[in-house]
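Asks: Supplied in structure tokens, the structure appears directly below.
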Amino acid sequence: MNTESMKASAIGVFDSGYGGLTILNSIRKVMPQYDYVYFGDNARAPYGTRSFDVVYEYTLEAVKKLFSLGCPLIILGCNTASAKALRTIQQTYIASECPDNRVLGVIRPTAEIVGSVTKNGHIGILATEGTIKSESYDIEIHKLMPESVVTGLACPMWVPLVENGEYDKPSADWFVEERINTLLHTDPLIDTIILGCTHYPLLLEKIRKYCPEGIEILTQGQFVADRLADYLLRHPEMESRLTKGGTCSYFTSESPDRFRENASTFLSEEIGEVVRL
Ligand code: DGL
């Protein structure tokens with residue numbers, strides 16, 4: 001496989017690294033018929049602690065690469081990229097250079113669902129430092145629920161725990177318990193917690209262990225997949241451009257062997273060829 005030989009007009013899914021595979025997984029379960037291209041910018045991950053300008057620059061480069069692979073529609077399966085780069089890419093690059101293509105994010109679909117889950121409007125957001133500092137979740141949720149109380153907390157150790165395969169080890173417990181306690185100490189009324197980072201579903205078991213009963217914990221994959229299915233229903237002009245071969249091609253900016261080895265953690269299945277991009 002090489003980039004020239006790809007004929008598919010696929011849905012592109014982008015992440016700084018492996019986390020977006022949790023989003024890809026959910027999307028493929030809902031819509032297995034389409035072709036997909038996944039690109040992980042593993043050589044430059046993590047994005048979570050990087051500045052606004054750098055996340056924008058890296059994300060725009062990734063979007064251009066996925067467009068050049070023939071993807072007319074891209075999902076930024078990365079909260080940090082969705083928070084810091086999506087809007088500017090939509091309003092500048094897409095609007096002026098390729099108005100028929102689309103880039104969608106993961107924050108809006110998650111914000112849209114939380115109102116149907118919370119009973120008292122007290123919502124906690126656990127995410128990377130970049131996502132929390134951007135206040136994107138607060139802004140999106142308040143547009144839909146102006147009275148809600150949104151408390152965000154960055155979990156800088158959680159992505160490294162997942163990336164290094166420590167997410168199911170006892171060593172991860174302290175870091176998970178400490179962040180959950182800090183969040184619930186800040187707002188003890190929180191009844192719904194959004195895991196606003198694509199790596200965090202791998203820590204779900206431990207997060208549940210340290211959350212009091214009755215608190216809903218939301219992972220994003222299913223919401224993003226459902227919203228994408230809805231988007232394609234409402235946009236037949238885009239849907240008809242997508243090929244339906246049921247394939248998935250994987251690209252990384254780092255070592256393909258390393259990607260193949262680590263991706264199975266996120267996908268619970270072996271993947272075939274991976275190409276360095
Ligand atoms: N995938 C990123 C996100 O969802 C987290 C990893 C990173 O910091 O690059 O925010």
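Values quoted throughout were computed directly from the atomic coordinates according to the rules given, and no laboratory measurement underlies them. It should be emphasised that the depicted structure is a prediction, and the values quoted were computed from it without experimental measurement. No Cβ is skipped: glycine too gets one built from the backbone with ideal geometry, and neighbour counts run over all protein chains shown.
Asks: Go through (1) within 12 Å of Leu126 (Cα to Cα); (2) assigned to a helix (DSSP H, G or I); (3) away from the ligand (no atom under 16 Å from the Cβ); (4) in contact with a Phe, Trp or Tyr (Cβ under 9 Å, 6 or more places away or on another chain) and name the single condition Ile207 misses.
Replies: With (1) within 12 Å of Leu126 (Cα to Cα); (2) assigned to a helix (DSSP H, G or I); (3) away from the ligand (no atom under 16 Å from the Cβ); (4) in contact with a Phe, Trp or Tyr (Cβ under 9 Å, 6 or more places away or on another chain) applied to Ile207, the lone miss is (3).
Asks: Only one of these conditions is not met by Leu277: (1) surrounded by 12 or more Cβ atoms within 10 Å (Cβ to Cβ); (2) over 26 Å from Glu112 (Cβ atoms); (3) out of contact with any Ser or Thr (no Cβ under 9 Å at 6 or more places or on another chain); (4) not charged (D, E, K, R). Which number is it?
Replies: Unmet condition: (3).
Asks: So how many residues does the range 224-256 have that are surrounded by 18 or more Cβ atoms within 10 Å (Cβ to Cβ), β-branched (Val, Ile, Thr) and assigned to a loop (DSSP other than H, G, I, E, B)?
Replies: Qualifying residue count, the range 224-256: 0.
Asks: Tell me which helices (runs of 4 or more DSSP H) are completely within the range 134-192 and hold 2 or more residues being away from the ligand (no atom under 16 Å from the Cβ) and either of a type in the set (Gly, Ala, Ser) or out of contact with any helix residue (DSSP H, G or I) (no Cβ under 7 Å at 6 or more places or on another chain) (or both), or say none if there are none.
Replies: In the range 134-192, the matching helices (runs of 4 or more DSSP H) lie at 136-144, 171-186.
Asks: Being under 21 Å from Pro72 (Cα atoms), among the hydroxyl-bearing types (Ser, Thr, Tyr) and free of Cβ contacts under 8 Å to residues at least 60 places away in the same chain is the filter here, so list the residues in the range 235-277 that pass it.
Replies: Hit for the range 235-277 is Ser240, nothing else.
Asks: Let me ask something additional. Just name the residue that is nearest to the ligand (Cβ to nearest atom) out of those in the range 74-83 that are of a type in the set (A, V, I, L, M, F, W, C) and touching a helix residue (DSSP H, G or I) at 6+ places or on another chain (Cβ under 6 Å).
Replies: In this case the residue turns out to be Cys78.
Asks: Between residues in the range 207-220 that are free of Cβ contacts under 8 Å to residues at least 24 places away in the same chain and residues that are outside any loop (DSSP other than H, G, I, E, B) and hydrophobic (A, V, I, L, M, F, W, C), which pairs lie under 7 Å by C-beta distance while being six or more apart or on different chains?
Replies: Hits for this filter: Arg208/Ile217.
Asks: Would you point out which residue out of Phe266, Phe259 is over 17 Å from the mean Cα position of the chain (by Cα), of a type outside the set (D, E, K, R), closer than 23 Å to Ile27 by Cα and assigned to a helix (DSSP H, G or I)?
Replies: Numbers: Phe266 fails: over 17 Å from the mean Cα position of the chain (by Cα).
Result of the check over Phe266, Phe259: Phe259.
Asks: Something else about it: Identify the single condition in (1) more than 24 Å from Glu163 (Cβ to Cβ); (2) surrounded by 18 or more Cβ atoms within 10 Å (Cβ to Cβ) that Ala85 does not satisfy, given that it satisfies every other one.
Replies: (1)
To keep it simple, each residue is scored yes or no on (1) without any contact (Cβ under 8 Å) to a residue 24 or more places away in the chain; (2) away from the ligand (no atom under 16 Å from the Cβ); (3) under 25 Å from Tyr34 (Cβ atoms).
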residue: Gly48; (1), (2), (3): no, no, no
residue: Val54; (1), (2), (3): yes, no, no
residue: Glu61; (1), (2), (3): yes, no, yes
residue: Ala85; (1), (2), (3): no, no, yes
residue: Gln91; (1), (2), (3): yes, yes, no
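Asks: Considering every residue within the range 20-41, establish whether at least one is near the ligand (Cβ under 10 Å from one of its atoms) and over 12 Å from the mean Cα position of the chain (by Cα).
Replies: yes
Asks: In addition: Checking the conditions here, which among Thr151, Thr131, Thr182, Thr198 is surrounded by fewer than 21 Cβ atoms within 10 Å (Cβ to Cβ) and in contact with a Gly (Cβ under 8 Å, 6 or more places away or on another chain)?
Replies: So the residue among Thr151, Thr131, Thr182, Thr198 that is surrounded by fewer than 21 Cβ atoms within 10 Å (Cβ to Cβ) and in contact with a Gly (Cβ under 8 Å, 6 or more places away or on another chain) is Thr151.
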